[in-house]
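Notes follow the structure.
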Amino acid sequence: MAPTAAVLDERPVTKPLPDLSIEAKRAELSPAAIEAFLRLCGIWHLTAKQSLALLGEGSERTWFRIKAREWDGILSQDSLTRVSALVGLYKGLHLLFSDPLAEEWIRRPNTEEFFENLSPLNFMIAGGIPAMLQTRGYIDALRGGV
């Protein structure tokens, strides 16, 4: 049976994904992504080393310039993807748990086989973008949003 026009009209409208291969698009998105990432680092009490590992961008000196809001660079496609995954994870955690647990969850030891006996933070640092996307997907699945 073919879907009717009414059913098709009920589907959510999705925006096209930004083309992150275009430097101008990355330049447009970088300031908001950096601000969001800095907020996450504060909420999650990340060290400079942990922050750099998650962001995947630059040296420790660059990190301190970013943190001081003295960096006018453009994030790479990979770094924007990382920030997007982490912001989505943060949102998912807050939909699933109350504030204290939502904010502490990434640091807590996790015996779920999925995390290989690491905290989600260490799992994501070790596994990079794939682990970040898997962790976000795991939280989305727990809350029924797959």
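The values are calculated or read from the model by the stated rules, or taken from the named source; none is laboratory data. What you see is a predicted model, and the numbers here were worked out from it, not measured in a lab. Please note: Cβ atoms are built from the backbone with ideal geometry, for glycine as well, and neighbour counts cover all protein chains shown.
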Inspect all residues belonging to segment 85-104 and state whether any of them is more than 30 Å from Ile22 (Cα to Cα), without any contact (Cβ under 8 Å) to a residue 24 or more places away in the chain, of a type in the set (Phe, Trp, Tyr) and surrounded by fewer than 17 Cβ atoms within 10 Å (Cβ to Cβ). yes
Tell me which residues, restricted to segment 13-46, are closer than 18 Å to Gly58 by Cα, over 15 Å from the mean Cα position of the chain (by Cα), among the hydrophobic types (A, V, I, L, M, F, W, C) and buried (at least 17 other Cβ atoms within 10 Å of the Cβ). none
Helices (runs of 4 or more DSSP H) fully within segment 55-146 counting 3 or more residues that are within 25 Å of Lys25 (Cβ to Cβ): 60-67, 77-96, 120-142
Residue check for Asn122: at pLDDT below 95 and farther than 14 Å from Phe37 by Cβ: no
